[in-house]
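A short write-up of the structure that comes next.
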Amino acid sequence: MKKRFLALIVLVLLMVPVLSACGSTQTTSSSGKSEIKQEITLNLMSEPPTLDPALATDTTSGWVIEHLFEGLYTTNKNGEVVKGLAKDVKVSEDGKTYTFTIREDAKWSDGTPVTAQDFEYAWKRVLNPETASEFAFYLYYLKGAEAYNKGKGSADQVGVKAIDDHTLVVELEEPVGYFDKLLTFWVYFPVKKSLVESNKNWAAQANTLVSNGAYKLTSWEHDSKVVIEKNDQYYNKDEITMEKVTWVMINEATTYYQMYKGGQIDLIASIPSDAVPQEKSNPEFKIIPYFGTYMYMFNVKKEPFNNLKVRQAFNLAIDREAITKQVTQSGETPAYAFVPEGVKTPSGEDFRKQKEAYFKQDIEKAKQLIKEAMQEEGWTKFPEVTLIYNTSENHKKVAESIQNMLSKNLGINVKLENQEWKAYLARTNSSDFQMARMGWVGIFLDPAVILDYFLGDSPNNRTLWVNPKYDELLHKGKVEADQTKRMEYLHQAEDILMQDLPFMPIYFYSQNYLTSKKFEGIVYPYNRYPNVRWAKKIAE
């Protein structure tokens, strides 16, 4: 009896640590040391309009989508393009046909296999006119894609075909020198055919969205937060170090800045401009070049911007150095061209450095151009000009600065008008403006995807400027196999754009960040928000 009693005491004592561990929130390693939870909180700023790769057109949605999904190619932590779900690829001699072998261990987050049919379905879904994807034109490289999207061809004529579960054959209209880079963009990601066909709202809730990337969506409290967690079905899960990512949605800069300072958010972008000077000496502060251009569009069909000399004068009359150093103050680079820095040419030189500036500030010349334009057009009084911009404190500061410069340097009074983003997009999409703010960021580092903005039939080109020679040179710059010649064509296209000036480039973007020193391994791409797949929390 005594032995049984002693045995019971020993059993109870053995159970106590186990029960204590079950009730604790602390993770403990086999060595007995506490492990740091690999979780990070970011700020998305606003509700992502969609998490459907076919419909997303904004970087907010894209930030989440690129953590949830993966295409045939992806980028590694060094920013290099590498195979993703493609295990192997064979390219025909003429560069027009790609045969992809899909990884056998590629799975959806629900454990079912990702198939070649999912890719074929996803791409044709983007092109389907009924889907109304605004980024469908990014698939026009595929044979028959543009015709199908514009209602002049059928889905069967599009150059993407699943031969079996693991073989995808892709036919292009012409060879494309950067097709692997293009395939890293979310519009080329697969979606699960059976899911999408059975539920039109599949991407609207956490409990219905199925993904194939490093993470799965576990919570989506609309207008509040998005939570993703490591996808245990992901083929490369062992390389993913961050287990859980939470995005909050705080749009007011002062509020999210204070939350960062209070430790409630681990990383923020777009620091309030008033706080930048004091943060520049903070080791947690980073400025990263961002592959995009901040600009004002001119409607070339409306006075006074129907006259080239007016467009030239406005460009010559503003002080970009003052704007970047005194107004934005976040490491932006004054823009005297359209394509930003960041693209290495075959010679090793940056594309932008090969032809840095198309003009410089020249107030006297600007005044003369305005005088000549008024004589040409028969204007006795310079037409009224209204500049519109989407509501933002930073946009307002830039607009007011340029308003003052045009008034001081040219004697032209520009009215300012702001609108909320949705209304602003509707207005600019219909080209109902004289002068309007816009920004354009390349989907990858290549001049062609920046210059795409001003294609004559681009849905993004709201200026109504069309130049067939520009379109022709840009087309050549996309399909030319010789990379040196490619860059020459793209320079020539930019030459035409900068001669006609349907816009006012103001600065090349940069992105400022504050990142908690508790984290390492976060990747800051030139054309995306930070990637935290390989991030590691090193301190509580």
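The values are calculated or read from the model by the stated rules, or taken from the named source; none is laboratory data. Predicted model, so just to flag it, every value in this text is computed and none were measured. Glycine gets a Cβ as well: all are built from the backbone with ideal geometry, and neighbour counts include every protein chain shown. When the accessible area is computed, the model is the full protein with side chains, heavy atoms only, and any ligands, DNA or RNA have been set aside. Shrake-Rupley method; radii C 1.70, N 1.55, O 1.52, S 1.80 Å.
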Starting from residues that are among the β-branched types (Val, Ile, Thr) and either in contact with a Ser or Thr (Cβ under 6 Å, 6 or more places away or on another chain) or open to solvent by less than 20 Å² (accessible area, probe 1.4 Å) (or both), keep the ones in region 484-521 and report whichever is farthest from Met259 (Cα to Cα).
Ile506
I'm checking my understanding of the structure. Among residues of region 249-290 that are assigned to a helix (DSSP H, G or I) and open to solvent by less than 20 Å² (accessible area, probe 1.4 Å), which one is modelled with the lowest pLDDT?
Val276
Hey, can you tell me all the residues within region 81-108 that are surrounded by 14 or more Cβ atoms within 10 Å (Cβ to Cβ), touching a strand residue (DSSP E or B) at 6+ places or on another chain (Cβ under 8 Å) and either outside any strand (DSSP E or B) or basic (Lys, Arg) (or both)?
Lys83, Gly84, Leu85, Lys87, Gly95, Lys96, Arg103, Ala106, Lys107
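Condition test on Leu445, is it at pLDDT below 90, more than 23 Å from Leu387 (Cβ to Cβ) and open to solvent by 20 Å² or more (accessible area, probe 1.4 Å)?
For Leu445, the condition - at pLDDT below 90, more than 23 Å from Leu387 (Cβ to Cβ) and open to solvent by 20 Å² or more (accessible area, probe 1.4 Å) - is met.
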Checking Ile228 against (1) touching a strand residue (DSSP E or B) at 6+ places or on another chain (Cβ under 6 Å); (2) at pLDDT 95 or above; (3) part of a loop (DSSP other than H, G, I, E, B); (4) aliphatic (A, V, I, L, M): exactly one of these is not met. Which one?
(3)
Does any residue in region 110-124 that is in contact (Cβ under 8 Å) with a residue 60 or more places away in the chain and small (Gly, Ala, Ser) come within less than 6 Å, Cβ to Cβ, of a residue that is in a loop (DSSP other than H, G, I, E, B) and open to solvent by less than 30 Å² (accessible area, probe 1.4 Å) six or more places away or on a different chain, and which pairs are these?
Ala122/Pro190; Ala122/Val191
For region 38-57, enumerate the residues that are modelled with pLDDT under 95 and open to solvent by less than 40 Å² (accessible area, probe 1.4 Å).
Leu44, Pro48, Thr50, Ala56
Which helices (runs of 4 or more DSSP H) does region 134-225 wholly contain that include 3 or more residues that are open to solvent by 70 Å² or more (accessible area, probe 1.4 Å)?
193-198
Take Lys230 and decide whether it is of a type in the set (Lys, Arg), within 22 Å of the chain's Cα centre (by Cα), within 22 Å of Arg103 (Cβ to Cβ) and surrounded by 15 or more Cβ atoms within 10 Å (Cβ to Cβ).
no
Under 6 Å between Cβ atoms, at least 6 apart or on separate chains: pull out the pairs that start in region 354-375 with a residue that is within 10 Å of Lys309 (Cα to Cα) and end on any residue that is outside any helix (DSSP H, G or I) and of a type in the set (A, V, I, L, M).
Ala366/Ala317
Could you please give the count of residues in region 325-358 that are open to solvent by less than 50 Å² (accessible area, probe 1.4 Å), assigned to a helix (DSSP H, G or I) and either in contact with a His (Cβ under 7 Å, 6 or more places away or on another chain) or more than 25 Å from Thr463 (Cα to Cα) (or both)?
2
Listed by first then second residue, the pairs whose first member lies in region 198-215 and is among the aliphatic types (A, V, I, L, M) and modelled with pLDDT of 95 or more, whose partner is surrounded by fewer than 14 Cβ atoms within 10 Å (Cβ to Cβ) and in a loop (DSSP other than H, G, I, E, B), with beta carbons under 6 Å and at least 6 positions apart or on separate chains, are Val210/Asp110
Per the filter on region 403-426, residues over 27 Å from Pro53 (Cβ atoms) and surrounded by fewer than 17 Cβ atoms within 10 Å (Cβ to Cβ) are Asn404, Ser407, Lys408, Gly411, Asn413, Lys415, Leu416, Glu417, Asn418, Gln419
Taking Glu400 and the conditions (1) modelled with pLDDT of 95 or more; (2) open to solvent by less than 50 Å² (accessible area, probe 1.4 Å); (3) within 35 Å of the chain's Cα centre (by Cα), which numbered condition does it fall short on, given that it satisfies the others?
(2)
Collect the residues in region 291-302 that are within 13 Å of Ala335 (Cα to Cα) and either touching a Ser or Thr at 6+ places or on another chain (Cβ under 6 Å) or open to solvent by 10 Å² or more (accessible area, probe 1.4 Å) (or both), keeping them in residue-number order.
none
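Would you call Asp471 in contact with a Gly (Cβ under 7 Å, 6 or more places away or on another chain) and closer than 30 Å to Tyr424 by Cα?
The answer is yes for Asp471.
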